[in-house]
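Down below is the structure, laid out as structure tokens.
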Amino acid sequence: DFIDFCHGFLNYQVEHHIFPDRTHFFYQKSQPIIKEICKKHNLEYRQESVFKRIGMTVDLMIGKTKLLRVDGI
């Protein structure tokens, strides 16, 4: 898909970390199932537009923002 390409397929990070050896086609098909599981267990499934993600990436690259760091991990 064009949208997936624009995201660099990073819109399937959750699916990739659950199933690291699978194809992008598998991630596309499994995404609705993973979203439903997250909803059932009251877990956030963050999904943002290509434009927001590009903006966030540029902000990170130019030093406007920093990555969040969780202590103890």
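The values are calculated or read from the model by the stated rules, or taken from the named source; none is laboratory data. All values derive from a computational prediction rather than experimental measurement. Because the Cβ atoms are built from the backbone with ideal geometry, glycine has one as well, and the counts that use them run over all protein chains shown. All accessible areas refer to the heavy atoms of the entire protein, side chains included, with ligands and DNA or RNA removed. Shrake-Rupley method; radii C 1.70, N 1.55, O 1.52, S 1.80 Å.
Here is how the numbers come out for the structure above:
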{"read-out": "Solvent accessible area, Å² - Cys38, 1.4 Å probe, full protein context", "value": "20 Å²"}
{"read-out": "The chain - mean residue ellipticity at 222 nm from DSSP helices (-39,500 (n - 2.57) per run, n ≥ 4, rounded to 500)", "value": "-16000 deg cm²/dmol"}
{"read-out": "Average accessible area per residue (Å²) across the stretch 1-41 - probe 1.4 Å, nucleic acids and ligands excluded", "value": "80 Å²"}
{"read-out": "Potential lengthening between Gln13 and Gln28 on full extension [0.36 nm per residue; Cα-Cα distance subtracted]", "value": "4.3 nm"}
{"read-out": "Estimated distance in nm for a label pair at Lys64 and Glu44, the labels positioned 7 Å out from Cα along Cα-to-Cβ", "value": "2.0 nm"}
{"read-out": "Whether the chain is rounded, prolate or oblate, judged on the alpha carbon gyration tensor where a/c under 1.5 counts as rounded", "value": "oblate"}
{"read-out": "Cα long-axis angle, helix 50-61 against the chain (0 to 90 degrees, to the nearest 10)", "value": "40 degrees"}
{"read-out": "Number of Lys pairs (Cα under 23 Å; 8 or more positions apart or on different chains) in the stretch 1-68", "value": "6"}
{"read-out": "The chain: angle of helix 24-40 to the longest principal axis, Cα-based, in degrees nearest 10", "value": "90 degrees"}
